[in-house]
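Novice: One structure follows; several queries about it will come next.
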Amino acid sequence: MSFTVVIPARFSSTRLPGKPLLLIDGKPMIQRVYEQALKSDAEQVIIATDDQRIVDAVIAFGGNVCMTSDKHISGTDRIQEVAQQYDLSDEHIVVNVQGDEPCIPPAVINQVAINLANNNFAAAATLSEKITDVAEFLNPNAVKVVVDEAQMALYFSRAPIPFPRDAMANNANLQTMVMDDISPSPQRHIGIYAYRVSVLHAFVTWAPSPLEKSECLEQLRILHYGKHIQVAEACENVPAGIDTQEDIDRVRQNF
């Protein structure tokens, strides 16, 4: 089983401008992500961007970079263009690794690719991990996912799901809940995806769905059009990505 990792990298960021090029122990963040992806079993790792500054930085550290259109509205659209430019076959698996996860474990990259390769019923595969903290459960920036008995996603939401009605009736306040009382255990979605190239080509032809627009979660487009996303708990802990100055300060302290 072979697969390609594509890392979409956008220079502009509302909360952290120039994020991919911010230094972490002397290396740009995008280089840190790239080096982690190289430790996986991917046959190639490609950074996809629409910004010449990122292209120049990647070339400087010897990475593989693909210049894409500046018209893309999502990372998935950018990844599809890479698949098209590289003429990847319809059945080839592409793993989308976020460009703001410099500590992503290579094992989870392999895991999500293997999961999709072993599941012909799914259009895509992704990962999750158990939520044990009430604050994270309530945080709209922590996306939650619920699944069916076949581990296919039923829904992704920024709201606390599954909503613990009885616990709420007893406690009247989510902040006082014990997370172990919620069944099934709430799961935080980890933003890594494996797609077959054929699904990427279909995705860019689908209009954004109403739920996707409401939640600002593009994976809901796949569910809207009747396709399945396989979800598994990550085999290793995946640190949260970098969105704020506080996030990058925390990561820098660990290098």
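The values are calculated or read from the model by the stated rules, or taken from the named source; none is laboratory data. This one's a predicted model, so the numbers in the text were calculated from it and none came from an experiment. Neighbour counts run over all protein chains shown; Cβ positions are idealised from the backbone, glycine included.
Novice: Of the residues V197, V204, V146, V251, which single one is touching a Leu at 6+ places or on another chain (Cβ under 9 Å) and either under 26 Å from V33 (Cα atoms) or basic (K, R) (or both)?
Specialist: On the way: V204 fails: touching a Leu at 6+ places or on another chain (Cβ under 9 Å); V146 fails: either under 26 Å from V33 (Cα atoms) or basic (K, R) (or both); V251 fails: touching a Leu at 6+ places or on another chain (Cβ under 9 Å).
It is V197.
Novice: Which condition from (1) modelled with pLDDT of 90 or more; (2) of a type outside the set (A, V, I, L, M, F, W, C); (3) in contact with a helix residue (DSSP H, G or I) (Cβ under 8 Å, 6 or more places away or on another chain) is the one that G191 breaks?
Specialist: (3)
Novice: So, in the range 11-55, how many residues would count as being farther than 19 Å from I248 by Cα and charged (D, E, K, R)?
Specialist: Final tally of qualifying residues: 6.
Novice: Follow-up question, since we're still on this one. In the range 39-56, how many residues are in contact (Cβ under 8 Å) with a residue 60 or more places away in the chain and either loosely packed, with under 15 Cβ neighbours inside 10 Å or under 16 Å from E81 (Cβ atoms) (or both)? I'd like the intermediate steps shown before the answer.
Specialist: First, the residues of the range 39-56 that are in contact (Cβ under 8 Å) with a residue 60 or more places away in the chain: 39-42.
Then keep just the ones that are either loosely packed, with under 15 Cβ neighbours inside 10 Å or under 16 Å from E81 (Cβ atoms) (or both); that gives 39, 41.
Within the range 39-56, residues that are in contact (Cβ under 8 Å) with a residue 60 or more places away in the chain and either loosely packed, with under 15 Cβ neighbours inside 10 Å or under 16 Å from E81 (Cβ atoms) (or both) number 2.
Novice: Additional query: So, I54, is that one over 18 Å from the mean Cα position of the chain (by Cα) and more than 22 Å from S89 (Cβ to Cβ) or not? Before the answer, list the steps.
Specialist: Values: over 18 Å from the mean Cα position of the chain (by Cα): yes; more than 22 Å from S89 (Cβ to Cβ): yes.
Taking the combined requirement at face value, the residue satisfies it.
Novice: Based on what the data block shows, is R252 over 21 Å from L127 (Cβ atoms) and in a helix (DSSP H, G or I)? Before you say what the answer is, go through the steps one by one.
Specialist: On the way: over 21 Å from L127 (Cβ atoms): yes; in a helix (DSSP H, G or I): yes.
Answer is yes for this residue.
Novice: I'm checking my understanding of the structure. Among residues of the range 57-80 that are among the polar types (S, T, N, Q), buried (at least 19 other Cβ atoms within 10 Å of the Cβ) and under 16 Å from the mean Cα position of the chain (by Cα), which one is modelled with the highest pLDDT?
Specialist: Step one: filter the range 57-80 for residues among the polar types (S, T, N, Q), giving 64, 68-69, 74, 76, 80.
Among the residues that remain, those that are also buried (at least 19 other Cβ atoms within 10 Å of the Cβ) are: 68, 76, 80.
Imposing the further condition that a residue be under 16 Å from the mean Cα position of the chain (by Cα) reduces the set to 76, 80.
Numbers: T76: 91, Q80: 96.
My answer is Q80.
Novice: So which residues in the range 1-36 are aliphatic (A, V, I, L, M) and surrounded by fewer than 23 Cβ atoms within 10 Å (Cβ to Cβ), if there are any at all? If you could, list the steps in order and put the result at the bottom.
Specialist: First pass over the range 1-36, keeping only residues aliphatic (A, V, I, L, M): 1, 5-7, 9, 16, 21-24, 29-30, 33.
Correct list: M1, L16, L21, L22, L23, I24.
Novice: Regarding A124, is this residue closer than 21 Å to V33 by Cα and among the aliphatic types (A, V, I, L, M)? Walk me through it before giving the result.
Specialist: Values: closer than 21 Å to V33 by Cα: no; among the aliphatic types (A, V, I, L, M): yes.
When the stated conditions are applied, A124 does not pass them.
Novice: Here's a follow-up. Restricting to the range 209-239, give me the number of residues that are touching a residue at least 60 places away in the same chain (Cβ under 8 Å) and part of a loop (DSSP other than H, G, I, E, B).
Specialist: 10
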